[in-house]
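Structure first, commentary second.
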Amino acid sequence: MKRILVTGGAGYIGSHTTLELLDAGYDVIVVDNLSRGHRKTVDPKRLREADLLDTEALTRIMKEEPVEAVIHFAAYIAVGESMKDPGLYFRNNVAGSISLMNAMQAAGVNKIVFSSTAAVYGMPAVIPIRETEPYAPINAYGETKVMIEKVLTWFDQCVGFRSVCLRYFNASGADPAARTGEDHEPETHLIPLLFQAVKTGKPATLFGRDYPTPDGTCIRDYIHVSDLARAHIGAVEWLLKGGESKRFNVGTGSGYSVKEVVEAVERVTGKPVPHTYGPRREGDPPLLVANSTALQNELNWTPRDSALERIVETAWRWYNR
Ligand SMILES: NC(=O)c1ccc[n+]([C@@H]2O[C@H](COP(=O)([O-])OP(=O)(O)OC[C@H]3O[C@@H](n4cnc5c(N)ncnc54)[C@H](O)[C@@H]3O)[C@@H](O)[C@H]2O)c1
């Protein structure tokens, strides 16, 4: 049985991908420091509690339990926080990732799937966005991901690391069997915030209704977390077969507006979503949609669960678990 190390496996996307790996017949160990994740989302047998910055601990873990590859989710993810405290982000996301790569080198592991993001593109000129669009991040969080993509290129060239960088668009939804779901603290993602508004009656603030889009609200490419998890299995399999380093967008190629998401939440929950409109947020482009044909063609991946209704239904089921 092939063993994979998942960093950040106590978090949202990492916990789904761990379940998907187990379902696909892999053995999994999880490294997480539980700074932002949840102990209860990881089988205690699999959890190795450690910080990315502790190179020695990571090396020891991979030497004691050899792994074929690493899927690296562990990071801080809040754009706003990254602009208030960039040092925290560069240390955790950049220094932490380099520490992990050093440990991999020491343990003789040279395959890694890296969680990147649409934020590497900033305000892209061409939509749908292709992987060939230039790096142009507009926040410190996005810059941390650009930096690690670049470091991975040098590790490929200099020491034979093979990597797949997956640039996710808006991860959403939850495990259809409600075994795990989205639970960030603080929560900044739209769908769970709308659920909170439904539950508490406190209005959600939606940012901007004067964008040049059909209903005036921002359009984003929502990708179901189970589809994302399957993209990681495809990426690991690609690397295990000896595939070269790649960078792929992971999205559906079509977007939904904030207003359409509110309406879907109202349909699924059967309740009105209390909400108000605030001003636009700085650095929020009107439209962000991925071109994911490279991932579809090269890794034979297709989104199966990313219809908006399915995303909201699975997320709501988990929210009410
Ligand atoms: N959620 C999204 O929409 C989205 C979009 C694009 C990219 N991403 C990327 O996907 C990855 C996972 O995102 P998520 O939403 O699951 O986040 P999350 O916060 O739910 O999970 C991250 C996990 O990493 C752990 N972690 C953080 N720093 C660590 C460290 N130094 N050492 C050990 N563990 C550490 C946290 O405790 C947490 O369990 C991140 O790299 C993020 O940048 C997420």
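Assorted remarks:
- Put simply, of THR213, THR217 the only residue that is buried (at least 22 other Cβ atoms within 10 Å of the Cβ), over 15 Å from the mean Cα position of the chain (by Cα) and among the hydroxyl-bearing types (Ser, Thr, Tyr) is THR217.
- Counting only residues that are of a type outside the set (D, E, K, R) and within 14 Å of ALA174 (Cβ to Cβ), the range 285-307 holds 1 of them.
- Which listed residue, of ALA74, ALA78, ALA95, is in contact with an Asp or Glu (Cβ under 8 Å, 6 or more places away or on another chain), aliphatic (A, V, I, L, M) and within 15 Å of the ligand (Cβ to nearest atom): ALA74
- Looking only at residues of the range 98-116 that are among the β-branched types (Val, Ile, Thr) and surrounded by fewer than 24 Cβ atoms within 10 Å (Cβ to Cβ), we find that the one that is farthest from the ligand (Cβ to nearest atom) is VAL109.
- Qualifying residue in the range 142-155 (condition: of a type in the set (Gly, Ala, Ser) and either within 21 Å of ILE233 (Cα to Cα) or modelled with pLDDT under 95 (or both)): no
- Count of residues meeting criterion [surrounded by 17 or more Cβ atoms within 10 Å (Cβ to Cβ) and not in a strand (DSSP E or B)] in the range 150-179: 8
- A single entry from ILE71, ILE77 fulfils the requirement of being touching a residue at least 40 places away in the same chain (Cβ under 8 Å), surrounded by 19 or more Cβ atoms within 10 Å (Cβ to Cβ) and assigned to a loop (DSSP other than H, G, I, E, B): ILE77.
- Note on the range 1-54: residues that are more than 16 Å from the chain's Cα centre (by Cα), within 13 Å of the ligand (Cβ to nearest atom), of a type outside the set (A, V, I, L, M) and surrounded by 18 or more Cβ atoms within 10 Å (Cβ to Cβ) amount to 3.
- Within the range 56-68, the set of residues being surrounded by 18 or more Cβ atoms within 10 Å (Cβ to Cβ) and more than 15 Å from the ligand (Cβ to nearest atom) comprises VAL67 only.
- Count of the range 151-196 residues, restricted to those that are more than 24 Å from TYR121 (Cβ to Cβ) and in contact (Cβ under 8 Å) with a residue 12 or more places away in the chain, is 15.
The values are calculated or read from the model by the stated rules, or taken from the named source; none is laboratory data. The shown structure was predicted, so the numbers you read here are calculated from the model rather than taken from an experiment. Neighbour counts are summed over all protein chains in view; Cβ atoms, including those assigned to glycine, are modelled from backbone coordinates with ideal geometry.
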